[in-house]
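The structure appears below as structure tokens.
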Amino acid sequence: MYQATRLHKFEAKSDGSLVIVRSGSDLQRFMSKRKPHSVAVLLGAEGAQPLEGKLANLDDLYAVGFRMMSPTHFTDTEVGGSASGQGKAGLTELGRQWVRAMESKNMLIDLAHASPETVRDVTTIATRPVVVSHTGVKGTCNNNRNLSDEELRAVAKTGGLIGIGFWETAVCGRDAAAIVRAIRYAVSVVGADHVALGSDFDGSTTMPFDATGLPMITEGLKSAGLSEHDIRLIMGENVANLLSHTLPE
């Protein structure tokens, strides 16, 4: 709640250069009237810890602008199991209620860091697209943090997106080529309509480059033979389309 309040203050003082996206129409309006050096932001919670085990707290988070939440981060929660958690179990009964509550509010469910059981449980009962905001794929970098082909297909089946991360554990490399390799693999499994960038530019993870290096990914995808249409989808259009059509109105 404190972080949301701070962000609202930044927005109010930014003279339109920072815009908090709360609805699909907010994003569409921002993109149609975008000013140079302006940025749109989406509030999300990485893990359901802020709920403190009480589903009613979701109402308070929604009221201050949160539009995305994941069930777990590095630890298991009252909602479900984490890929790094001790139990690595799936959704709890509270977790199933949480999925229904998230969908009723048109909030995005983010399965980054979720255990395989939690991924399976959420994608089985989800009636709206889910996302994995930042991840890798086992097909190019096999570890517990990354998604299997089955999990990729399960997310895509909901109409959702898989955001490919840039850090070494995600892609088993420290350059744009490793990122491109993971993106290409994901596209080969689920198609370009379900793949996006998931950098994890959070300020603490070591990256091969900052946002100024994104053209290297574009060039890598071009060299790999992807079409301009598919590259545009992966480099941002998929995310914009998903948010425009799934966020509340």
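Can you tell me which residue among Ser148, Ser115 is in contact (Cβ under 8 Å) with a residue 40 or more places away in the chain and among the hydroxyl-bearing types (Ser, Thr, Tyr)?
Values: Ser148 fails: in contact (Cβ under 8 Å) with a residue 40 or more places away in the chain.
It is Ser115.
Among residues of region 232-247 that are within 17 Å of Ala156 (Cβ to Cβ) and touching a residue at least 60 places away in the same chain (Cβ under 8 Å), those with a Cβ under 7 angstrom from a residue that is of a type in the set (S, T, N, Q) and in a loop (DSSP other than H, G, I, E, B), sequence gap 6+ or separate chain, pair up as Thr246/Asn106. Of the helices (runs of 4 or more DSSP H) that lie entirely inside region 140-249, those containing 2 or more residues that are open to solvent by 10 Å² or more (accessible area, probe 1.4 Å), modelled with pLDDT of 95 or more and among the acidic types (Asp, Glu) span 149-157, 228-232. Every condition in (1) under 27 Å from Val41 (Cβ atoms); (2) in contact (Cβ under 8 Å) with a residue 40 or more places away in the chain; (3) aromatic (Phe, Trp, Tyr) holds for Tyr185 except the one numbered (1). Restricting attention to region 37-86, the residues being in contact with a His (Cβ under 6 Å, 6 or more places away or on another chain) and among the charged types (D, E, K, R) number 1.
So, in region 110-129, exactly how many residues are out of contact with any Ser or Thr (no Cβ under 7 Å at 6 or more places or on another chain) and surrounded by fewer than 19 Cβ atoms within 10 Å (Cβ to Cβ)? Talk me through it step by step, then tell me what you get.
Here is the first cut: in region 110-129, the residues out of contact with any Ser or Thr (no Cβ under 7 Å at 6 or more places or on another chain) are 116-117, 119-122, 124-125, 127.
Imposing the further condition that a residue be surrounded by fewer than 19 Cβ atoms within 10 Å (Cβ to Cβ) reduces the set to 116-117, 120, 124-125, 127.
Qualifying residue count for the region: 6.
The values are calculated or read from the model by the stated rules, or taken from the named source; none is laboratory data. Keep in mind that what you see is a predicted model, and the values were worked out from it rather than measured. A quick note on method: Cβ atoms are made from the backbone with ideal geometry, for glycine too, and the neighbour counts reach across all protein chains shown. With ligands, DNA and RNA removed, areas are computed over all heavy atoms of the protein, side chains included. Shrake-Rupley method; radii C 1.70, N 1.55, O 1.52, S 1.80 Å.
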